[in-house]
Amino acid sequence: MKITQISIFLENRKGRLSEVIDVLGNSSINVRALTVAETENFGVLRMVVDNPTKAIETLKDNGFVANTTDVIAVEVADEPGALASLLKVIDAGGLNVEYMYGFVERKVDRAMMIFRFDDTHKAADILAASGVKVVGESDIENI
Amino acid sequence: MEINYWNKDVETASREDIQAIQLSRLREVVDFALKTDHYKRLLPKAGINSSSDIQTLDDLKKIPFTMKDDLRQNYPTGLLALEFKDVVRMHSSSGTTGIPTVIYLSKDDLDSWTNLVARSIVATGGSSDDIFQNMMSYGLFTGGLGLHYGAERVGMMVIPIGGGNTGKQIQMMKDFQTTSLHITPSYLLHIHSKLAQSGVSLEELNLKRAFIGAEPHSEETRQKLEELFGIKCFNSYGLSEMNGPGVAFECEYRDGMHIWEDGFIPEIIDPETGEVLPDGELGELVLTNLTRKAMPILRYRTRDLAYLYDGVCRCGRQHRRLSRIKGRTDDMMIINGVNVFPSQIEEVIMRIPEVGTNYQIYLTKKGAIDQLTVKVELYSKIFSGEASQLDQIKKRIKEELRASIFIHPQVQLHEPGYLPVFEGKAIRVVDQRDQM
């Protein structure tokens, strides 16, 4: 079960990040998780939102260079050692993580990790078979 | 392919006939030149007191070169051969870099110029069936008015919109089903990037051809434009000192620009020594205007680098062809001792589909070392979402540039629309080395 991540190409310019967030906010899109990969003069902003279809449309309409990437969201307990045991499952399954980032949901004491694997389908199968809770689009929307 | 001519006799004349026309017109124009303050001073010193001192075309070599600076020093009337009452038009440079240069045309001069432009348009396949949208600026600049009157003479419906206002340009192209454009390559690229936003699709337009000129550009740029729009792009060459557009133009075969040799004598010289070079060798283009009487200009050093080549074109015209302008003698950059033309960098950028069509070259200094930074815009549709893809694009541009110009450049990727857009001549090079 994969979810859609939004990736946005941003050049290193003052105020550019807040422009993205403003545009999404004005369209009532809720950002669930986000991270920035940066190099000297540009960055790629990666985010998980409640309505990716609307988000990508809004961004393109406003002249942003954006695309979608398949990622996998996994629920882990918000307690010591939980992430470590998840990573063991990933290792054992021979999966390659290209990057990952996470966020915590305070209300329910759990954390969500976003993973980009080199092989999304294989990763989804292995994680599900190992009893890890893989989160779908509708769960993200309803957080 | 059926070939259309505007003036078939002259266009398909033999080399001997063309040279006979050139000699008789050169003699005539020398007599007019001797009426101007400038040439009255200069020509007798070179042994030319009247047209009888010009016996063969080879005698042209006796005439000293005319430089841009001569035009400035003779501002406003030092090169005028007629009285103002016989002049019907003047054009002028903006003068932003000093004293402006001014050009005068009599009624006959204007007629000769307009005929050369009409001939150029017909050579591209243009006819009275065409709708012509002229996106060059009107006014003191010769580009707009030159093509305007030529297109009218051919019988095209002319839309004299001038430069800028992209939204309106696109709307008119659609509403009037424009077939032909006169435009700078950089502005045509810009229009393409704005089409999607304007809600007008290429299918709703009726474009067939574009006359592109006024700034140097590479063959890769032309091909990119032709692919993007599905049209033919014809290179156009002209300069206000030689009237304006209509000096040289590509025919339907688009294999070099025919330089209209009944209107001009072209020479290619070594810019250092002034020696005249044979056909096929790259050097500075020197032009003599053979028809303008109000303001004769002989052996004008254009500072444009190109070469001439002979041979009958498939279109049947024997007027020699002028290569693409490779650069200007004054826009060559010297980077850490290496000579580089902006056109070499443009060629590389246009070969890389992942980047857009706008670019800028920055020159800075780090200590004693020159630094070259090339700024390009990412082509939005190719972005996969992966940062690694962007690193690879940067790396590829760096490597291809290094292979082509032997300089290790910095490459910066920008979002589309970030780099400045130019509706007239594009400013591609920003040299900040003397400020450091």
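Each value in this text was obtained by applying a stated rule to the coordinates, not by laboratory testing. Note that this is a predicted model, so its numbers are computed, not measured. With ideal geometry, Cβ positions are generated from the backbone for all residues, glycine too; neighbour counts draw on all protein chains shown.
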Original post:
About the Cα centre of the protein assembly as shown, what is the dipole size in debye to 20, counting +1 per Lys and Arg Cβ and -1 per Asp and Glu Cβ, all else neutral?
Top reply: 960 debye
**OP:** Work out the mean other chain Cβ neighbour count within 10 Å for the residues of B:387-393 and drop it here as an integer.
**Re:** 4
Original post:
Tell me, what is the percent relative contact order of chain B, built from C-alpha pairs under 8 Å that lie six or more residues apart?
Top reply: 14 percent
Original post:
If amide H atoms are built 1.01 Å from N in the plane of the peptide, which residues on other chains or at least 5 residues away come under 5 Å of the amide H of B:Asp431?
Top reply: B:Leu363
Subject >> For peptides A:29-38, A:82-91, sequence by mean Cβ density within 10 Å, most packed first >> reply: A:29-38, A:82-91
Subject >> Part-to-part distance (alpha-carbon centres) for the stretch B:161-222 and the stretch B:315-376, which is given in Å >> reply: 23 Å
Original post:
If each residue's Cβ is checked for other Cβ atoms within 10 Å, how do B:Tyr187, A:Tyr99 rank with the fewest at the top?
Top reply: A:Tyr99, B:Tyr187
Original post:
Counting other Cβ atoms within 10 Å, which GluC sites (Glu not before Pro) in the stretch B:1-68 have at most 13 and lie in a DSSP loop?
Top reply: B:Glu2
Subject >> Length-normalised contact order for the stretch A:71-135 - Cα pairs under 8 Å, 6+ apart - percent >> reply: 46 percent
Original post:
If amide H atoms are built 1.01 Å from N in the plane of the peptide, which residues on other chains or at least 5 residues away come under 5 Å of the amide H of A:Ala111?
Top reply: A:Val76, A:Ala77, A:Asp78, A:Glu105
Subject >> Folded to 0 to 90 degrees: helix A:16-26 orientation relative to chain A principal axis, Cα >> reply: 80 degrees
Subject >> Label zone at A:Glu141 (point 7 Å along Cα-to-Cβ), backbone N below 12 Å, the stretch A:113-133 >> reply: none
Subject >> Cα centroid separation, the stretch B:275-298 to the stretch B:48-94 (Å) >> reply: 13 Å
Original post:
Of A:Lys60/B:Lys395; B:Lys174/B:Lys194; A:Lys54/B:Lys381; B:Lys168/B:Lys208, which pairs sit farther than 21 Å apart, going by alpha carbon to alpha carbon?
Top reply: A:Lys60/B:Lys395
Subject >> Length-normalised contact order of the stretch A:3-69 in % [C-alpha pairs under 8 Å, at least 6 apart] >> reply: 47 percent
